[in-house]
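The values are calculated or read from the model by the stated rules, or taken from the named source; none is laboratory data. Computed from a predicted model, the values in this text were never measured in an experiment. Cβ placement follows ideal geometry from the backbone for every residue including glycine, while neighbour counts extend to all protein chains displayed.
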Amino acid sequence: MLTVIHHPLTRVHLTRLRDRATDAEAFARHLRLLARLLAFPALQGLTVNPVEVETPLGRAEGAELAVAPVLVPILRAGLGLVDGFRDVCPEARVWHLGLYRDHATLSPVPYYTAPGRLDAGTPAILLDPMLATGGSLTYAIGYLKQAGVRQLAAVSVIAAPEGVAAVERAHPDVPLYTCAVDRGLDERGYILPGLGDAGDRQFGTW
């Protein structure tokens with residue numbers, strides 16, 4: 001279930017991320033701003049409870065989150081999306097899932113899993129800027145499902161058709177949100193034209 005977010009501001013921020021002249025500080029800033037925009041559609045399924053508050057002129061009906069969501073960045077690139085989501089949903093908790101890609105097989109290899117206490121009723125949002133082959137995201141969704149999570153969504157900035165197809169084939173029930181679907185993958189499994197390695201670019205290691 002893929003949703004491509006079409007908005008003038010997502011296009012502007014994505015352009016800055018793609019530009020090889022964008023330095024690490026600016027890359028991280030645009031990634032955070034883009035995450036704020038992606039947070040609204042990705043979190044639209046949250047449920048709220050009614051509350052009343054006292055305004056300076058009387059009482060007003062309002063709402064509070066029934067259950068705070070959990071953000072699950074796939075390390076390390078996914079860290080760049082966390083702060084933008086927490087800017088608009090400060091109640092969100094953060095778990096971490098460490099995966100790296102075996103460059104020979106292009107398969108995900110887990111190296112760190114510390115999700116904390118899992119609850120079937122807690123909505124979880126997987127964060128990974130690049131949906132390339134789909135291996136990491138497919139693994140991550142399966143891991144969280146096996147741990148008991150039932151309400152899942154996944155957010156990327158750029159996706160490849162191959163990755164979208166792989167995730168939808170394995171987990172057709174999980175909504176996917178992205179800003180662009182690029183033309184495909186190169187022989188190394190990198191998205192074309194993409195934006196390079198999102199982890200290296202935001203942390204200045206490329």
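Out of all the residues in segment 145-152, is one or more within 12 Å of the chain's Cα centre (by Cα), surrounded by 16 or more Cβ atoms within 10 Å (Cβ to Cβ), assigned to a strand (DSSP E or B) and touching a residue at least 40 places away in the same chain (Cβ under 8 Å)? No, the conditions are met nowhere in segment 145-152. Screening segment 31-125 for strands (runs of 3 or more DSSP E) wholly inside it with 3 or more residues that are more than 18 Å from residue 145 (Cα to Cα) and among the charged types (D, E, K, R) returns the ranges 58-65. Taking the conditions exactly as written (surrounded by fewer than 15 Cβ atoms within 10 Å (Cβ to Cβ), at pLDDT 90 or above and of a type in the set (D, E, K, R)), does residue 186 satisfy them or not? Considered against the rule, which asks whether it is surrounded by fewer than 15 Cβ atoms within 10 Å (Cβ to Cβ), at pLDDT 90 or above and of a type in the set (D, E, K, R), residue 186 comes out as yes. Within this structure, residue 177 passes the test of being closer than 20 Å to residue 140 by Cβ, of a type in the set (Ser, Thr, Tyr) and in contact with a Leu (Cβ under 7 Å, 6 or more places away or on another chain).
Being of a type outside the set (Phe, Trp, Tyr), more than 16 Å from the chain's Cα centre (by Cα) and closer than 24 Å to residue 12 by Cβ, is that true of even one residue in segment 163-183? Yes. Out of the residues in segment 1-25 that are under 26 Å from residue 206 (Cα atoms) and assigned to a loop (DSSP other than H, G, I, E, B), which is farthest from the chain's Cα centre (by Cα)? Top of the filtered list is 21.
In the set 71, 126, 75, only one residue is farther than 30 Å from residue 49 by Cα and either in contact (Cβ under 8 Å) with a residue 24 or more places away in the chain or more than 13 Å from the chain's Cα centre (by Cα) (or both); that residue is 75. Looking across segment 15-49, the residues that are of a type outside the set (Asp, Glu), more than 29 Å from residue 1 (Cβ to Cβ) and without any contact (Cβ under 8 Å) to a residue 40 or more places away in the chain come down to 21, 26, 29. Number of residues in segment 161-192 that are touching an Asp or Glu at 6+ places or on another chain (Cβ under 6 Å) and within 22 Å of residue 30 (Cβ to Cβ) equals 2.
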